[in-house]
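Engineer: Structure below; questions to follow.
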Amino acid sequence: MSDKIYDVVIIGAGPAGLSAALYAGRSRLSTLLIEKEMDGGQIVITSEIENYPGSLEHETGPSLIERMGKQTQRFGVERASDDITAVELIGDVKVLKGLKAQYKGRTVIVAAGAHPRPIGCPGEKEFIGKGVSYCATCDAPFFSELEVYVVGGGDAAVEEAIYLSGFARKVTVIHRRDELRAVKSIQEKAFAKPNIEFMWNSAVEELKGDGLLSSMVVRDTQTGETRIIEADEDDGLFGVFVFIGFDPQSEIFVGLLDMDGPYIKTDENMNTNIPGVFAAGDIRAKSLRQVVTAAADGAIAATQAEHFLRNV
């Protein structure tokens, strides 16, 4: 365990965490940014970003995150690759326990984000990486000229269906209702694609195959009837891309921080119920979860952490 006590320790290097690190570093606070996987969180699986102010033409999630990460490096932010599994947040010095080490900070910003929500049907886990995916940007090329199915009807699902249509021979959106939840401009783009079709009032009940995903059971949400969809004989497999929402990575904070369901409660300044502990981004209870609001949360949290340290 390192004896160093940082001014700010940030959990998560998505847009909220990177923004917090940028603001904390520029304020000349000793800052540690901890990320267990790759920078970016959900945004790295986004193939196109059109609604972030100042984004480049044809901006992608990875390209935006790469620039954000480089900005933090200029201001002396230290990095650690670790998975935080337990925390001690009461007291002047907070302790974060990871799989590799322990970390200490006078303030903590929780920006751990969220992870893709699974369908929860039989066969799903067994076929992850063998036909089941939660990242079109990552896996679309593997399904070039094959058939794929997209589960979901919100912005992310329809945007990824559009992206997949540039690789797959045919894309079918499976939605449990009879109309999409995505914003109209995104719907219009999808409806205009000749190789995108829609399977309304449907839900995936089971995924099957022999090594690779090649069959699934789909239930009609109105009648309850089920039918089996098989892969084309010449293909031997198909892809299922799941975009039905995200679950916040907040398990270790339950019982410590005030929660609103699975989300961490904060005030408008990102303060939690524990002094010196802040939350930012998709992990906190809020009305809009977008890159722009995550970045704003991170900036506010870091600024408030600096105020907290100055006034202690």
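Engineer: Looking at region 157-177, which of its residues are more than 23 Å from Val217 (Cβ to Cβ) and buried (at least 24 other Cβ atoms within 10 Å of the Cβ)?
Structural biologist: Taking region 157-177 and keeping what is more than 23 Å from Val217 (Cβ to Cβ), we get 158-159, 162-163, 165-167.
Listed by number, the list holds a single entry, Val158.
Engineer: Phe75 is checked against (1) touching a strand residue (DSSP E or B) at 6+ places or on another chain (Cβ under 6 Å); (2) assigned to a loop (DSSP other than H, G, I, E, B) and fails just one. What number does that condition carry?
Structural biologist: So Phe75 meets the others, but not (1).
Engineer: A further question follows. Out of everything in region 210-261 that is hydroxyl-bearing (Ser, Thr, Tyr) and touching a residue at least 60 places away in the same chain (Cβ under 8 Å), what residue ends up being most open to solvent (accessible area, probe 1.4 Å)? If you could, list the steps in order and put the result at the bottom.
Structural biologist: First, pick out the residues of region 210-261 that are hydroxyl-bearing (Ser, Thr, Tyr): 214-215, 221, 223, 226, 250.
Filter once more, keeping what is touching a residue at least 60 places away in the same chain (Cβ under 8 Å): 214, 250.
Numbers: Ser214: 28, Ser250: 5 Å².
Checking each candidate, the answer is Ser214.
Engineer: What is the residue count in region 262-281 for residues that are in contact with a Pro (Cβ under 8 Å, 6 or more places away or on another chain) and open to solvent by 30 Å² or more (accessible area, probe 1.4 Å)?
Structural biologist: Here is the first cut: in region 262-281, the ones in contact with a Pro (Cβ under 8 Å, 6 or more places away or on another chain) are 262-264, 281.
Going one step further and asking which of them are open to solvent by 30 Å² or more (accessible area, probe 1.4 Å), we end up with 262-263.
Selection size over region 262-281: 2.
Engineer: Of the residues Glu50, Glu66, only one is open to solvent by 30 Å² or more (accessible area, probe 1.4 Å) and part of a loop (DSSP other than H, G, I, E, B); which?
Structural biologist: Details: Glu66 fails: part of a loop (DSSP other than H, G, I, E, B).
Answer to the selection: Glu50.
Engineer: A further question on this structure: Report yes if some residue within region 1-21 is farther than 28 Å from His307 by Cβ, surrounded by fewer than 16 Cβ atoms within 10 Å (Cβ to Cβ) and either polar (S, T, N, Q) or free of Cβ contacts under 8 Å to residues at least 24 places away in the same chain (or both); otherwise report no. Outline the logic, then answer.
Structural biologist: Narrowing region 1-21 to residues farther than 28 Å from His307 by Cβ: 1.
This time we only want the ones that are surrounded by fewer than 16 Cβ atoms within 10 Å (Cβ to Cβ), so: 1.
Among the residues that remain, those that are also either polar (S, T, N, Q) or free of Cβ contacts under 8 Å to residues at least 24 places away in the same chain (or both) are: none.
No: region 1-21 contains no residue that is farther than 28 Å from His307 by Cβ, surrounded by fewer than 16 Cβ atoms within 10 Å (Cβ to Cβ) and either polar (S, T, N, Q) or free of Cβ contacts under 8 Å to residues at least 24 places away in the same chain (or both).
Engineer: Does Leu180 satisfy the condition of being of a type outside the set (Gly, Ala, Ser), open to solvent by less than 20 Å² (accessible area, probe 1.4 Å) and outside any strand (DSSP E or B)?
Structural biologist: When the stated conditions are applied, Leu180 passes them.
Engineer: Filter region 97-139 for residues that are in contact (Cβ under 8 Å) with a residue 60 or more places away in the chain and part of a helix (DSSP H, G or I); which is least open to solvent (accessible area, probe 1.4 Å)? Lay out the reasoning, then the answer.
Structural biologist: Kept after step one, since they are in contact (Cβ under 8 Å) with a residue 60 or more places away in the chain, are these residues of region 97-139: 98, 101-119, 121-124, 126-127, 130-139.
Among the residues that remain, those that are also part of a helix (DSSP H, G or I) are: 126-127, 136-139.
Values: Glu126: 119, Phe127: 20, Ala136: 0, Thr137: 38, Cys138: 74, Asp139: 41 Å².
It comes out as Ala136.
Engineer: If you scan region 31-47, which residues turn out to be open to solvent by 40 Å² or more (accessible area, probe 1.4 Å) and of a type in the set (S, T, N, Q)?
Structural biologist: Within region 31-47, Gln42 is the sole residue that qualifies.
Engineer: Can you tell me which residue within region 282-303, out of those that are part of a helix (DSSP H, G or I) and touching a strand residue (DSSP E or B) at 6+ places or on another chain (Cβ under 6 Å), is most open to solvent (accessible area, probe 1.4 Å)? Steps first, answer last, please.
Structural biologist: Filtering region 282-303 down to residues part of a helix (DSSP H, G or I) leaves 282-283, 291-303.
Still in the running and touching a strand residue (DSSP E or B) at 6+ places or on another chain (Cβ under 6 Å): 282-283, 301.
Working: Asp282: 33, Ile283: 0, Ala301: 0 Å².
Among residues in region 282-303 that are part of a helix (DSSP H, G or I) and touching a strand residue (DSSP E or B) at 6+ places or on another chain (Cβ under 6 Å), the one most open to solvent (accessible area, probe 1.4 Å) is Asp282.
Engineer: Pairs only if they're at least six apart or on different chains, beta carbon under 7 angstrom, first in region 64-85 and over 14 Å from Gly40 (Cα atoms), second open to solvent by 60 Å² or more (accessible area, probe 1.4 Å) and assigned to a helix (DSSP H, G or I); list them, first residue then second.
Structural biologist: From region 64-85, the pairs are Phe75/Arg26.
Engineer: Which ones in region 140-150 are part of a loop (DSSP other than H, G, I, E, B) and open to solvent by less than 40 Å² (accessible area, probe 1.4 Å)? If you could, list the steps in order and put the result at the bottom.
Structural biologist: Step one: of region 140-150, the residues part of a loop (DSSP other than H, G, I, E, B) are 144-146.
Matches in region 140-150: Leu146 only.
Engineer: Name, by its number, the condition in (1) within 21 Å of Lys189 (Cα to Cα); (2) open to solvent by less than 60 Å² (accessible area, probe 1.4 Å); (3) in contact with a helix residue (DSSP H, G or I) (Cβ under 9 Å, 6 or more places away or on another chain) that does not hold for Gly153.
Structural biologist: (3)
Engineer: Right, next: Could you tell me whether region 186-193 includes any residue that is over 15 Å from Phe243 (Cα atoms), of a type in the set (Gly, Ala, Ser), crowded, with 19+ Cβ neighbours inside 10 Å and within 27 Å of the chain's Cα centre (by Cα)?
Structural biologist: yes
Engineer: State whether the residues of region 257-268 include one that is in a loop (DSSP other than H, G, I, E, B), at pLDDT 95 or above, within 14 Å of Leu18 (Cα to Cα) and of a type outside the set (Phe, Trp, Tyr).
Structural biologist: Scanning region 257-268 turns up no residue that is in a loop (DSSP other than H, G, I, E, B), at pLDDT 95 or above, within 14 Å of Leu18 (Cα to Cα) and of a type outside the set (Phe, Trp, Tyr).
Engineer: Would you confirm, using the coordinates I've provided, whether Ala203 is surrounded by 15 or more Cβ atoms within 10 Å (Cβ to Cβ) and touching an Asp or Glu at 6+ places or on another chain (Cβ under 8 Å)? Write out each step before concluding.
Structural biologist: On the way: surrounded by 15 or more Cβ atoms within 10 Å (Cβ to Cβ): yes; touching an Asp or Glu at 6+ places or on another chain (Cβ under 8 Å): no.
No: the conditions fail for Ala203.
The values are calculated or read from the model by the stated rules, or taken from the named source; none is laboratory data. Computed from a predicted model, the values in this text were never measured in an experiment. Quick reminder, even Gly has a Cβ in these numbers, built from the backbone with ideal geometry, and neighbours come from all protein chains shown. Just so you know, the surface numbers come from the protein's heavy atoms only, side chains and all, with ligands and any DNA or RNA stripped out. Shrake-Rupley method; radii C 1.70, N 1.55, O 1.52, S 1.80 Å.
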